[in-house]
Each structure stands twice: as structure tokens, then as C-alpha cells.
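K.L.:
Mind looking over this structure? Questions follow.
The values are calculated or read from the model by the stated rules, or taken from the named source; none is laboratory data. Owing to the predicted nature of the structure, the values given are computational and were not obtained by experimental measurement. All Cβ positions, glycine included, derive from the backbone under ideal geometry; neighbour counts span all protein chains shown. Only protein heavy atoms, including side chains, enter the accessible area calculation; ligands, DNA and RNA are left aside. Shrake-Rupley method; radii C 1.70, N 1.55, O 1.52, S 1.80 Å.
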Number of protein chains: 2
Amino acid sequence: MGITERKEREKEEMRKLILGAARKLFLENGFEKVSIRNIADAIEYSPATIYLYYKDKNDLLYALHQEAFHKLTGEFQKVFVRNDPFERLTEMGRTYFRFAFENPELFDLMFIMTAPMDALECRDDIWNEGRTAFGLLVQIVQECIDKGIFQHKDAEVASMMIWSAVHGYTALFLRKRLDMFDENRRKEIMEEAFTLFTETIRRGL
Amino acid sequence: MGITERKEREKEEMRKLILGAARKLFLENGFEKVSIRNIADAIEYSPATIYLYYKDKNDLLYALHQEAFHKLTGEFQKVFVRNDPFERLTEMGRTYFRFAFENPELFDLMFIMTAPMDALECRDDIWNEGRTAFGLLVQIVQECIDKGIFQHKDAEVASMMIWSAVHGYTALFLRKRLDMFDENRRKEIMEEAFTLFTETIRRGL
DNA sequence: TTGCTTACTAAACACCGTTCAGTACTTTTG
DNA sequence: CAAAAGTACTGAACGGTGTTTAGTAAGCAA
């Protein structure tokens with residue numbers, strides 16, 4: 001049946017058209033300022049049409065959330081060119097932060113906004129993107145343990161601790177809680193805090 | 001002039017009436033689900049009246065944000081009953097996290113939501129609440145340095161690092177990014193990650 | 001008592017996410 | 001080939017949202 005295949009293809013293209021317009025608008029104006037109506041206008045369809053391809057706005061945000069995870073996972077792969085596991089780890093931390101800095105809207109969607117998690121929850125699915133990315137971290141931490149760089153034996157707990165530390169100042173920064181430091185000091189203090197963290201775990205973990 | 005004083009007092013009472021209703025509704029239903037109209041209904045005034053006492057919704061949220069900081073600062077004071085500075089520090093970390101657990105909506109307002117920071121920004125004021133609370137942390141970290149518990153000499157950078165770590169998993173938890181662990185494991189892994197962090201900085205900072 | 005100020009509100013403005021009845025077009029069937 | 005069935009899409013509405021403004025009514029001062 002060539003027709004049903006073509007229809008399938010057209011349906012998929014329409015999903016991509018919507019997602020593309022949504023991505024463009026969201027990245028240009030931020031998630032807060034873009035409505036379904038704006039997206040519909042951009043692709044010259046009625047707002048109702050979007051609901052034939054995505055359940056609701058959260059569903060659309062979840063699709064972008066997935067895309068963003070592909071992007072971050074791609075960046076994470078690059079740290080594996082390094083041989084020293086501890087270097088891999090620090091580089092991964094820097095990648096996480098750099099990604100947030102360069103793609104603040106995407107990072108927000110991935111790790112701060114509740115919308116995409118609500119989408120997952122209501123279709124009671126699990127957060128595979130998060131699991132996979134966290135898995136990469138655990139893997140590297142395990143290597144550090146195996147090589148005797150870290151004394152602590154539970155790679156998952158150690159990974160959680162490391163993720164928290166790196167996520168912490170990233171999230172504080174993005175949500176403007178570091179604006180109490182003036183702009184120059186802000187970058188400096190974040191850089192120094194990160195370095196201090198890596199040194200500290202190198203010695204004490 | 002007794003009349004202008006009474007008017008002043010009445011104005012202040014009205015602000016409290018609004019704030020009280022807002023607090024009640026926000027804590028009951030979450031910030032997302034409460035509108036200015038809901039608050040107006042609760043106090044039996046028209047929505048427009050609220051705008052005579054608060055500039056906009058962000059302004060109202062900022063007032064609650066301030067209240068919440070008073071509450072947290074109060075909790076932080078309690079850690080000073082301990083004599084050992086390192087114990088003060090770990091207890092402060094636990095207080096931060098416990099506060100978030102017990103008052104998720106308030107914590108969100110204090111450290112995650114952008115609304116109250118936008119209110120600050122548009123009247124270009126600075127975040128004194130944040131400064132003060134961070135100051136308490138720096139003070140304790142300085143004590144740890146003075147007593148030779150930490151080797152690193154910059155208390156502000158060390159404090160930033162510690163805040164990040166504690167904030168990190170708190171924020172990840174509140175924004176449902178730890179739901180990938182099942183409920184029992186979730187609490188366990190957070191507890192263990194926190195303990196691991198304290199042990200690590202004890203040895204390595 | 002008149003005029004002025006204050007406190008308040010009804011109604012509107014310009015949006016929002018979402019749903020649904022109905023239309024126009026395409027495909028399948030007899 | 002015509003009729004029936006199915007698909008893709010939309011206009012218009014529903015029930016909200018934050019916010020502004022013109023206008024009213026009461027309190028106070030002269």
C-alpha cells in the first residue's frame with residue numbers, strides 16, 4: 001500500500017514542520033513568550049491543527065527536550081577521546097556547563113522546567129534520556145574508581161554527588177541567583193568554584 | 001494628623017490581607033494554579049484593587065519570596081547552637097534541604113522561579129535576601145578555614161562550591177529529575193550523596 | 001454645603017491553551 | 001463513474017489569564 005506509506009510520511013513531515021517552527025520561535029523568544037497560536041502563525045496553519053500532531057503544549061516541549069538530549073549526549077561523546085578517566089570526568093562537567101551557557105533555553109527544558117516531565121508523567125513513561133546521560137557519568141566515575149583515583153566504591157552515589165555539584169551552580173546561574181555578584185566576579189567565582197570542586201574530589205573522594 | 005496615620009495603617013493592613021490570601025492560596029494550590037482573580041475572590045475585592053497595593057504579580061511573588069527568606073534565615077540561626085564549625089556547616093546543608101522538602105513552593109520561589117528576580121530587576125534593586133543568607137554560609141566556612149579544617153583559603157569560593165552541591169540535588173529533586181530512581185532509592189541516594197559530599201570536603205577541601 | 005481626594009470596581013483589552021462542529025478534499029467501494 | 005467513507009483542516013467558541021482605564025461613590029476639608 002503506497003498510499004498509506006505516503007500519508008505516514010506526510011504526517012511525519014508535518015510533525016517536523018511544527019517542531020521546527022516551535023524550536024525556532026522558542027530559541028528566539030524563550031519558552032514563556034511563545035504560544036501555540038504563534039507557532040501556528042509561523043507555519044500558516046490554524047492552531048487546532050497542531051493538536052492533531054501533538055497532544056498538547058507539554059508534548060511539544062517534550063519533543064524538543066528529546067532533541068536537546070541528543071545534542072548533549074553528542075557533546076558528551078567527545079569527552080571519550082581523552083584517556084585519563086579523571087580528565088574525562090572534568091571535561092564532562094565543563095561540557096555540561098558549557099552546554100547550559102550556550103543553550104540556556106534547552107538546558108532549562110532538560111533540567112529545570114517541569115513541562116516535559118509532566119508530559120512523561122501523564123503518559124506514565126520513564127525518563128530514558130536522563131537515564132542514558134546519567135549512565136555515561138556513572139561509567140566514567142566507575143573508571144575512576146577502578147583506577148584507584150576515587151576511594152569511594154559506589155559509582156552511582158558518587159555520580160549523583162558530582163552531578164549535583166555541577167548542576168547546582170549551573171541552575172543558580174541560569175535562574176539569576178548569582179546576579180548578586182557583579183558580572184566579572186560572577187564568571188570568576190563560578191570558574192574557581194568548579195576548579196575547587198574538581199580538586200576537592202580528586203583529593204577526598 | 002491622626003487621619004493620614006490611620007490611612008497609612010489601613011493601607012498596610014490591606015497589603016497584609018492580600019499577601020495573606022495569596023500565601024494561603026499559593027501554598028495550597030501551587031503558584032501555577034493561582035491567579036490574581038482567585039486572590040481577589042478570596043478577599044472579596046475586585047482584581048483591580050490588588051494592583052493598587054502591588055505593582056503586578058511578580059511584585060506579589062517577591063513579597064512572599066522575602067517572607068520565605070525570613071523563615072529560612074530563622075532556621076539557619078539554629079545551626080549556631082553547635083560549636084564545631086564543620087558540624088554547623090553540615091547542619092546548615094541539611095537545613096537547606098529540609099526546608100526545600102517541607103516548603104517546596106517557597107523554595108521554588110526563593111531559588112528556582114524567575115518571577116521574584118524579575119521583580120527585583122525591573123526596579124533595579126539587588127538581592128539582599130540572597131546576599132544575607134549566603135553571608136551566613138561564608139561566615140561558617142571562614143570558621144572552618146580558621147580552625148584548619150579546610151585548607152582552601154578563599155571562603156567565598158568554597159561557599160559557592162558548597163552551596164552549588166547542596167542546591168544541585170535539591171533542585172533536581174524538586175523539578176522531578178530524580179524520578180528516574182524509584183521512590184525508595186531516591187531518598188537513599190540523596191542521603192548518601194549528601195553524606196559523601198560532606199566526607200569528601202572534610203578530607204579534600 | 002461644596003469641592004476635592006481617595007478607594008474601589010465594572011468592563012474592557014489582548015492574550016492564552018484547548019475543544020469541537022463542520023467543511024472541503026481524497027480515497028475506497030459498489 | 002457515482003456514492004460512501006475517511007482524512008485533514010479550520011472558525012469559532014469556551015473558559016480562563018494578567019493588566020489597564022474610565023467612572024462611581026464615599027470621606028474629608030474648606
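K.L.:
Restricting attention to region A:174-200, which residues are more than 9 Å from chain B (Cβ to nearest Cβ) and under 13 Å from B:A165 (Cα atoms)?
P.N.:
Within region A:174-200, A:T198 is the sole residue that qualifies.
K.L.:
Given the condition within 16 Å of DNA strand C (Cβ to nearest atom), part of a helix (DSSP H, G or I), in the same structural domain as B:I162 (by TED's automatic domain parsing) and aliphatic (A, V, I, L, M), answer yes or no: does some residue in region B:70-80 qualify? Break it down into steps so the answer makes sense when it comes.
P.N.:
Of the residues in region B:70-80, the ones within 16 Å of DNA strand C (Cβ to nearest atom) are none.
No, region B:70-80 contains no residue that is within 16 Å of DNA strand C (Cβ to nearest atom), part of a helix (DSSP H, G or I), in the same structural domain as B:I162 (by TED's automatic domain parsing) and aliphatic (A, V, I, L, M).
K.L.:
Could you tell me whether A:Y53 is within 21 Å of A:D118 (Cβ to Cβ) and assigned to a loop (DSSP other than H, G, I, E, B)?
P.N.:
Numbers: within 21 Å of A:D118 (Cβ to Cβ): yes; assigned to a loop (DSSP other than H, G, I, E, B): yes.
Yes, satisfied.
K.L.:
Kindly indicate whether B:Q139 is more than 11 Å from every other protein chain (Cβ to nearest Cβ) and either open to solvent by 40 Å² or more (accessible area, probe 1.4 Å) or among the hydrophobic types (A, V, I, L, M, F, W, C) (or both). Steps first, answer last, please.
P.N.:
Working: more than 11 Å from every other protein chain (Cβ to nearest Cβ): yes; either open to solvent by 40 Å² or more (accessible area, probe 1.4 Å) or among the hydrophobic types (A, V, I, L, M, F, W, C) (or both): yes.
Considered against the rule, which asks whether it is more than 11 Å from every other protein chain (Cβ to nearest Cβ) and either open to solvent by 40 Å² or more (accessible area, probe 1.4 Å) or among the hydrophobic types (A, V, I, L, M, F, W, C) (or both), B:Q139 comes out as yes.
K.L.:
Here is a further query. Is region A:144-155 home to any residue that is open to solvent by less than 10 Å² (accessible area, probe 1.4 Å), within 23 Å of A:K78 (Cβ to Cβ) and facing another protein chain (nearest Cβ under 10 Å)? Reasoning before the result, please.
P.N.:
Filtering region A:144-155 down to residues open to solvent by less than 10 Å² (accessible area, probe 1.4 Å) leaves A:144, A:150, A:155.
Add one more test, that the residue is within 23 Å of A:K78 (Cβ to Cβ), and what stays is A:144, A:150, A:155.
If we keep only those that are facing another protein chain (nearest Cβ under 10 Å) too, we end up with A:150.
Yes, region A:144-155 has at least one match.
K.L.:
Now, a different point. Within region B:155-169, does at least one residue satisfy the condition of being more than 14 Å from the chain's Cα centre (by Cα) and more than 30 Å from A:A133 (Cα to Cα)?
P.N.:
yes
K.L.:
Here is a further query. Is it true that some residue in region B:171-178 is in the same structural domain as B:E75 (by TED's automatic domain parsing), open to solvent by less than 10 Å² (accessible area, probe 1.4 Å) and among the basic types (K, R)? Spell out how you get there, then give the answer.
P.N.:
Residues of region B:171-178 in the same structural domain as B:E75 (by TED's automatic domain parsing): B:171-178.
When the remaining residues are screened for being open to solvent by less than 10 Å² (accessible area, probe 1.4 Å), the result is B:171-172, B:177-178.
Checking the rest, the ones that are also among the basic types (K, R) come to B:177.
Yes, region B:171-178 contains at least one residue that is in the same structural domain as B:E75 (by TED's automatic domain parsing), open to solvent by less than 10 Å² (accessible area, probe 1.4 Å) and among the basic types (K, R).
K.L.:
Let me ask another. Testing A:K78 on (1) within 16 Å of DNA strand D (Cβ to nearest atom); (2) open to solvent by 100 Å² or more (accessible area, probe 1.4 Å); (3) modelled with pLDDT of 95 or more, one condition comes back false. Which one is that?
P.N.:
Among (1) within 16 Å of DNA strand D (Cβ to nearest atom); (2) open to solvent by 100 Å² or more (accessible area, probe 1.4 Å); (3) modelled with pLDDT of 95 or more, the lone unmet condition for A:K78 is (1).
K.L.:
Please enumerate the residues belonging to region A:35-46 that are within 28 Å of the chain's Cα centre (by Cα), within 10 Å of DNA strand D (Cβ to nearest atom) and open to solvent by 50 Å² or more (accessible area, probe 1.4 Å).
P.N.:
The answer is A:R37, and nothing else.
K.L.:
Is there a residue in region A:56-65 that is more than 14 Å from DNA strand C (Cβ to nearest atom) and out of contact with any strand residue (DSSP E or B) (no Cβ under 9 Å at 6 or more places or on another chain)? Steps first, please.
P.N.:
Quick first cut of region A:56-65, residues more than 14 Å from DNA strand C (Cβ to nearest atom) only: A:65.
Now drop any that are not out of contact with any strand residue (DSSP E or B) (no Cβ under 9 Å at 6 or more places or on another chain), which leaves A:65.
Yes.
K.L.:
Let me ask you something else. Given (1) hydrophobic (A, V, I, L, M, F, W, C); (2) open to solvent by 40 Å² or more (accessible area, probe 1.4 Å); (3) modelled with pLDDT of 95 or more, where does B:F26 come up short, assuming only one miss?
P.N.:
B:F26 satisfies all of (1) hydrophobic (A, V, I, L, M, F, W, C); (2) open to solvent by 40 Å² or more (accessible area, probe 1.4 Å); (3) modelled with pLDDT of 95 or more except (2).
K.L.:
Right, next: Quick one: would you say A:E12 is modelled with pLDDT under 95 and farther than 30 Å from A:A165 by Cα?
P.N.:
Numbers: modelled with pLDDT under 95: yes; farther than 30 Å from A:A165 by Cα: yes.
Judged against the criteria, A:E12 is a match.
K.L.:
While we're looking at this one, here's another question. Based on what the data block shows, is A:A48 over 15 Å from A:L106 (Cβ atoms) and either within 12 Å of DNA strand C (Cβ to nearest atom) or among the hydroxyl-bearing types (S, T, Y) (or both)? Give the derivation first.
P.N.:
Values: over 15 Å from A:L106 (Cβ atoms): yes; either within 12 Å of DNA strand C (Cβ to nearest atom) or among the hydroxyl-bearing types (S, T, Y) (or both): yes.
When the stated conditions are applied, A:A48 passes them.
K.L.:
A further question follows. Given the structure, is B:G20 within 16 Å of DNA strand C (Cβ to nearest atom) and open to solvent by less than 30 Å² (accessible area, probe 1.4 Å)? Explain how you work it out, then say what you get.
P.N.:
On the way: within 16 Å of DNA strand C (Cβ to nearest atom): yes; open to solvent by less than 30 Å² (accessible area, probe 1.4 Å): yes.
Criteria met by B:G20.
K.L.:
Still on this model: Return the pair list, or none, for Cβ contacts closer than 9 Å from residues in region B:9-31 that are outside the structural domain of B:H65 (by TED's automatic domain parsing) and over 17 Å from B:K55 (Cα atoms) to residues that are polar (S, T, N, Q) and open to solvent by less than 80 Å² (accessible area, probe 1.4 Å), at least 6 apart or on different chains.
P.N.:
From region B:9-31, the pairs are B:L25/B:N38; B:L27/B:N103; B:N29/B:N38.
K.L.:
Mind listing whichever residues of region A:113-131 are part of a helix (DSSP H, G or I), hydrophobic (A, V, I, L, M, F, W, C) and open to solvent by 70 Å² or more (accessible area, probe 1.4 Å)?
P.N.:
A:C122
K.L.:
Considering (1) open to solvent by 10 Å² or more (accessible area, probe 1.4 Å); (2) in contact with an Asp or Glu (Cβ under 8 Å, 6 or more places away or on another chain); (3) within 11 Å of chain B (Cβ to nearest Cβ), say which one A:M160 fails and leave the rest.
P.N.:
(1)
K.L.:
A further question follows. In region B:175-205, which residues are among the hydroxyl-bearing types (S, T, Y) and touching a residue at least 24 places away in the same chain (Cβ under 8 Å)?
P.N.:
As a first pass, look at region B:175-205 and keep what is among the hydroxyl-bearing types (S, T, Y): B:195, B:198, B:200.
Scanning region B:175-205 gives a single hit, B:T198.
K.L.:
Please name all residue pairs, on different chains or six or more residues apart, with Cβ atoms under 9 Å, provided the first residue is in region B:96-121 and is away from chain A (no Cβ under 11 Å) and the second residue is charged (D, E, K, R) and open to solvent by less than 40 Å² (accessible area, probe 1.4 Å).
P.N.:
Close Cβ pairs (under 9 Å, with a partner that is charged (D, E, K, R) and open to solvent by less than 40 Å² (accessible area, probe 1.4 Å)) amount to B:A100/B:D108; B:A119/B:D59.
K.L.:
Moving on to the next point. Checking A:M110 against (1) assigned to a loop (DSSP other than H, G, I, E, B); (2) buried (at least 22 other Cβ atoms within 10 Å of the Cβ), which test does it fail?
P.N.:
(1)
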